[in-house]
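Heads up: the structure comes next, in structure tokens.
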Amino acid sequence: MSSTHKSMKALGNPLADTQVQLDVIEHKVELPLFHEKYQETGEKELRATGIDIFQINVGKLCNQTCKHCHVDAGPDRREIMTRETFELCLKALASSKIQTVDLTGGAPEMNPDFRWFVQEVKKLGRHVMVRSNLTILVANGFTDLPEFFAQNEVEVISSLPHYTPSLTDKQRGDHVFERSIEAMKRLNALGYGKPDSALKFNLVYNPVGAFLPPSQSSLEKDYKRELWNKHGVVFNSLYTITNMPISRFLDYLLISGNYESYMTKLVSLFNPAAAKNVMCRNTISISWDGFLYDCDFNQMLDLHLLPGNARHIRDFDSLALGTRKIATDQHCYGCTAGSGSSCGGATT
Ligand code: SF4
Ligand code: SF4
């Protein structure tokens, strides 16, 4: 994978244009169309079954520039959610029965309204999850975040591509592993990740290369053993996630000559049981500028909800959206191969 500290957008990479990405995934290799393949599940089309998770991508600003990032996030990105849009999210949430708010980015904590928003969601009595990259918790100006998370019972979910320092740093940047362990120690000291604690701390594994994740349960055992024996840190569950053939990982696949074999592998491993449990079925995804999407991946490809649905959070209607037909494309094979992949790990 190429090494850079800038986003593809800042580097002027043509793949920063979502239409260019869509042209590649739709036309570069001839593959069965996802929406036709989906019928192997026995269902005619992919539809939502309700909305349980309100996932907000609060912006593309991040302190890291990981090589597989599907958001193309980084320190040079300036797109972040404003207070006004956060308020529209609160209004939508209050009008619904959705119990879980999942905050992602970028590094969501870098949005200046992040803490205020978490507290407002807690006032509504809803559960908050934050996808934290860990290193932000030991960065200047953010070191009190673990206490803030604990006070508000925020569930923390963090990517750690491997339990060996070299593989994690290869994907996420120099010294990321060491700083992640430091952050994990702080979280553990507050009770995060301990088996009988209410403070949940989960890790996410994604492959460092063009292959699918191994078994989630056996990898979780390896992570637990290695992280405890070598670093004295604990966590609750490990989620394995398949790398999506979009954005920076798509760039890597094309540059390394792995694109065709990776996509062919995803299609050949299509699993109808995994396909029936994809996360878009019970999630709605909101972008930094308030637009609605079926998932964070569709958001990054600018694939809006299908016509006939509300497009923006100001028009949110959880009942109507809870039965919507999902907008799919060839990248959806990334969610349905093998054991399946979602923000909460394997789907089977
Ligand atoms: S920490 Fe997350 S959002 Fe930031 S660059 Fe890495 S993968 Fe992207
Ligand atoms: S990429 Fe998004 S829309 Fe496609 S199957 Fe996965 S979650 Fe659903």
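Assorted remarks:
- The chain shape via C-alpha gyration tensor axes, a/c threshold 1.5: rounded
- Value of relative contact order over the chain, rounded to a whole percent, pairs C-alpha under 8 Å and six or more apart: 23
- For residue 276, the aspartates and glutamates whose Cα falls under 12 Å of its own Cα, not counting residues fewer than eight places away in the same chain, are 40, 43, 45.
- Coupling constants for region 275-288 follow from the phi torsions by the Karplus curve (6.51 cos²θ - 1.76 cosθ + 1.60, θ = phi - 60°), and in residue order they are 5, 6, 10, 4, 5, 5, 5, 10, 10, 10, 10, 10, 8, 4 Hz; glycine and proline get x.
- Averaging Cα coordinates gives a centre for region 63-119 and one for region 263-332; these two points are 18 Å apart.
- Using heavy atoms of the protein chains and a probe of 1.4 Å, the accessible area assigned to residue 332 is about 20 Å².
- Exposed loop sites were defined as trypsin sites (Lys or Arg not before Pro) in DSSP loop states (anything but H, G, I, E or B) carrying at most 12 other C-beta atoms within 10 Å; in the chain the longest segment without such a site runs 98-348.
- Antiparallel DSSP beta bridges within the chain, as percent of all bridges there, nearest 5: 25
- Among the listed pairs 185/224; 91/122; 67/185; 9/60, those whose Cα-Cα separation exceeds 20 Å are 67/185.
- Note on region 15-143: antiparallel DSSP beta bridges, both residues inside, total approximately 10 percent of the bridges counted.
- The chain, helix-only ellipticity at 222 nm - DSSP H runs n ≥ 4, -39,500 (n - 2.57), divided by all residues, nearest 500: -9500 deg cm²/dmol
- Each Lys and Arg adds +1 at its Cβ and each Asp and Glu adds -1 at its Cβ; summed about the Cα centre, region 14-146 shows a dipole of about 540 debye.
- Relative contact order (%) - region 256-308, alpha-carbon pairs under 8 angstrom, separation at least six: 19
- Subtracting the Cα-Cα distance of residue 323 and residue 256 from their residue separation scaled by 0.36 nm leaves 20.1 nm.
- Residue pairs, from the table 123/200; 123/170; 97/200; 200/325, whose Cα atoms sit over 30 Å apart: 123/170; 200/325
- Dipole magnitude of the chain about its Cα centre (Cβ charges: Lys, Arg +1; Asp, Glu -1), debye to nearest 20: 580
- For region 246-348, the solvent-accessible area of protein heavy atoms averages 34 Å² per residue (probe radius 1.4 Å; ligands and nucleic acids excluded).
The values are calculated or read from the model by the stated rules, or taken from the named source; none is laboratory data. Worth saying up front: this structure is predicted, and the values here are computed from it rather than measured. Virtual Cβ from ideal backbone geometry, glycine too; neighbours counted across all protein chains shown. For accessibility, only protein heavy atoms count, side chains too; no ligands or nucleic acids. Shrake-Rupley method; radii C 1.70, N 1.55, O 1.52, S 1.80 Å.
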